[in-house]
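What follows is a set of notes on a single structure, which appears directly below.
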Amino acid sequence: AFDKLSQKIKIEFITSSIFKIKSKPKIIGVIPARYASTRLPGKPLIDICGLPMIVHTMKRAMMSEILDEVIVATDDQRIFDIVKKYGGKAMMTDKNHVDGICRMQEVSTKFNGDIFVSINGDEPLLNHYDIEKSVHGLINDLDISASMLVIPYTERNNYSNIKVVLNHNSEVLYTSRSDIPSDARVEKQVMWKGYYIVSFTKTFLDKYVYELKDSPLNERESLNENKILEYGYKIKAVKTDTNALSVDTPEDLEIVREMMKKDKLFLLYKDCKID
């Protein structure tokens with residue numbers, strides 16, 4: 001009980017006891033950002049209403065009160081320079097990382113933290129309150145290794161978006177690029193889509209990189225959540241509702257540009273100065 005409570009408040013004892021001083025965990029937000037992209041080369045640097053995409057994501061993540069630091073993890077000097085230019089923190093990481101989790105784990109070797117939150121760099125409409133939801137999904141359940149956000153979803157046959165199936169405890173059963181559960185015997189119903197703000201404890205992050213080898217379902221779907229599940233670890237799904245849109249295609253980019261013009265959070269940083 002003290003372990004769980006100490007995730008939220010600092011606990012100290014004025015008398016000697018078996019209890020150690022407990023304090024809130026240090027939480028680091030990491031934004032993996034690769035330059036290479038098949039459909040949108042140089043995606044993190046693409047202009048959206050006067051600012052590079054990665055700057056939008058970074059500035060919004062920095063609004064989160066639960067994060068102690070925000071680090072952009074990149075393999076490209078151009079992205080590194082832009083982040084620093086707009087007042088952010090960046091770290092050059094190995095070009096050979098197989099996924100964003102491995103890139104984030106490298107950051108964890110340089111920046112001390114108890115919880116690390118992966119925030120996709122192609123989420124320029126990110127709502128910073130959703131970061132807190134993901135973190136609380138992790139720290140409120142001591143039996144959980146990671147937590148991710150899910151949002152209601154109705155589109156069919158879009159293999160860019162990740163569909164998620166949950167159990168009664170809002171734990172992830174499976175993730176897929178296909179539409180799941182199937183509509184073969186029922187009328188079309190709302191599905192859950194993964195919204196890529198994923199939180200890990202530092203302990204599990206190291207375990208993922210150093211101990212969990214690739215798995216058949218991860219190789220088949222190219223979704224690292226499946227590797228976690230195949231090894232028997234639990235992922236908490238935190239339900240939220242947002243109009244945020246990942247930029248995966250040129251069509252997505254145009255939609256986001258129009259949405260950004262009316263976005264209230266954008267007004268808070270649109271005139272940010274260059275260092």
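Restricting attention to the stretch 240-262, and to residues there that are open to solvent by 20 Å² or more (accessible area, probe 1.4 Å) and not in a helix (DSSP H, G or I), which single residue is modelled with the highest pLDDT? Step through it out loud before you land on a result.
First pass over the stretch 240-262, keeping only residues open to solvent by 20 Å² or more (accessible area, probe 1.4 Å): 241-243, 245-246, 248-252, 254-255, 257-259, 261-262.
If we keep only those that are not in a helix (DSSP H, G or I) as well, we get 241-243, 245-246, 248-249, 262.
Numbers: Asp241: 88, Thr242: 86, Asn243: 80, Leu245: 84, Ser246: 87, Asp248: 84, Thr249: 87, Lys262: 94.
Within the stretch 240-262, the match that is modelled with the highest pLDDT is Lys262.
Criterion first (surrounded by 24 or more Cβ atoms within 10 Å (Cβ to Cβ) and either more than 18 Å from the chain's Cα centre (by Cα) or farther than 25 Å from Lys24 by Cβ (or both)) does Ile54 satisfy it?
Values: surrounded by 24 or more Cβ atoms within 10 Å (Cβ to Cβ): yes; either more than 18 Å from the chain's Cα centre (by Cα) or farther than 25 Å from Lys24 by Cβ (or both): yes.
Here the answer is yes, as Ile54 does meet what is asked.
Can you tell me which residues in the stretch 92-128 are under 17 Å from the mean Cα position of the chain (by Cα) and open to solvent by 40 Å² or more (accessible area, probe 1.4 Å)?
Of the stretch 92-128, the ones under 17 Å from the mean Cα position of the chain (by Cα) are 97-108, 113-128.
Result: His97, Val98, Glu106, Asp114, Asn120, Asn127.
Looking at the stretch 215-255, which of its residues are over 24 Å from Asn140 (Cβ atoms) and small (Gly, Ala, Ser)?
Of everything in the stretch 215-255, those that are over 24 Å from Asn140 (Cβ atoms) and small (Gly, Ala, Ser) turn out to be Ser215, Ser222, Ser246.
Which residue pairs have Cβ atoms closer than 6 Å, lie 6 or more positions apart in sequence or on different chains, and pair a first residue in the stretch 207-234 that is open to solvent by less than 70 Å² (accessible area, probe 1.4 Å) with a second residue that is of a type in the set (Asp, Glu) and at pLDDT below 95?
Correct list of pairs: Asn224/Asp99.
Could you go through the stretch 113-126 and let me know if any residue there is of a type in the set (D, E, K, R), within 17 Å of Asp241 (Cα to Cα) and not in a loop (DSSP other than H, G, I, E, B).
Within the stretch 113-126, not a single residue is of a type in the set (D, E, K, R), within 17 Å of Asp241 (Cα to Cα) and not in a loop (DSSP other than H, G, I, E, B).
Where residues in the stretch 64-91 are outside any strand (DSSP E or B) and touching a Phe, Trp or Tyr at 6+ places or on another chain (Cβ under 8 Å), which of them is surrounded by the most Cβ atoms within 10 Å (Cβ to Cβ)? Break it down into steps so the answer makes sense when it comes.
The initial filter retains those residues of the stretch 64-91 that are outside any strand (DSSP E or B), namely 64-68, 75-88.
In the following step, the residues that additionally are touching a Phe, Trp or Tyr at 6+ places or on another chain (Cβ under 8 Å) were identified as 64, 75-76, 78-79.
Working: Ser64: 22, Asp75: 18, Asp76: 18, Arg78: 13, Ile79: 25.
Per the criteria, the residue is Ile79.
Of all residues in the stretch 263-272, count the ones that are touching a residue at least 12 places away in the same chain (Cβ under 8 Å), assigned to a loop (DSSP other than H, G, I, E, B) and open to solvent by 70 Å² or more (accessible area, probe 1.4 Å). Lay out the reasoning, then the answer.
The first filter runs over the stretch 263-272 and keeps only residues touching a residue at least 12 places away in the same chain (Cβ under 8 Å), leaving 263, 265-266, 268-270, 272.
From the residues that got through so far, the ones that are assigned to a loop (DSSP other than H, G, I, E, B) too are 263, 265, 270, 272.
So of that shortlist, the ones also open to solvent by 70 Å² or more (accessible area, probe 1.4 Å) come out as 270.
The number of residues fulfilling the criteria is 1.
Based on what the data block shows, is Leu173 without any contact (Cβ under 8 Å) to a residue 40 or more places away in the chain and under 28 Å from Gly29 (Cβ atoms)? Give the derivation first.
Values: without any contact (Cβ under 8 Å) to a residue 40 or more places away in the chain: no; under 28 Å from Gly29 (Cβ atoms): yes.
Spelling it out, it is not the case that Leu173 is without any contact (Cβ under 8 Å) to a residue 40 or more places away in the chain and under 28 Å from Gly29 (Cβ atoms).
Quick one: in the stretch 242-275, which of the residues that are of a type in the set (Lys, Arg) and under 22 Å from the mean Cα position of the chain (by Cα) is nearest to Ile162 (Cα to Cα)? Show your work before the answer.
Filtering the stretch 242-275 down to residues of a type in the set (Lys, Arg) leaves 257, 261-262, 264, 270, 273.
From what is left, the residues that are under 22 Å from the mean Cα position of the chain (by Cα) are 257, 264.
On the way: Arg257: 22, Lys264: 27 Å.
By that ranking, first place goes to Arg257.
How many residues are modelled with pLDDT of 90 or more and open to solvent by 40 Å² or more (accessible area, probe 1.4 Å) when one looks only at the stretch 137-154?
2
Looking only at the stretch 173-210, how many residues end up being within 21 Å of Gly137 (Cα to Cα) and polar (S, T, N, Q)?
So the first thing to find is which residues in the stretch 173-210 are within 21 Å of Gly137 (Cα to Cα), and the list is 173-175, 191-208.
Subset that is polar (S, T, N, Q): 175, 199, 201, 203.
Qualifying residue count for the region: 4.
Can you pull out the residues in the stretch 224-241 that are within 18 Å of the chain's Cα centre (by Cα) and farther than 17 Å from Ser134 by Cβ?
Within the stretch 224-241, Asn226, Lys227, Leu229 meet the criteria.
The conditions are (1) out of contact with any Lys or Arg (no Cβ under 6 Å at 6 or more places or on another chain); (2) modelled with pLDDT under 90; (3) open to solvent by 50 Å² or more (accessible area, probe 1.4 Å), and Tyr159 fails exactly one of them. Which is it?
Only one criterion is unmet by Tyr159, namely (1).
Checking the structure you have, find out if any residue of the stretch 37-51 is at pLDDT 90 or above, surrounded by fewer than 18 Cβ atoms within 10 Å (Cβ to Cβ) and within 16 Å of the chain's Cα centre (by Cα).
So far as the stretch 37-51 goes, no, none of its residues is at pLDDT 90 or above, surrounded by fewer than 18 Cβ atoms within 10 Å (Cβ to Cβ) and within 16 Å of the chain's Cα centre (by Cα).
The values are calculated or read from the model by the stated rules, or taken from the named source; none is laboratory data. Only a predicted model underlies this, so the values are computations on that prediction, with no experimental measurement involved. No Cβ is skipped: glycine too gets one built from the backbone with ideal geometry, and neighbour counts run over all protein chains shown. SASA here: full protein model, heavy atoms, side chains in, ligands and nucleic acids out. Shrake-Rupley method; radii C 1.70, N 1.55, O 1.52, S 1.80 Å.
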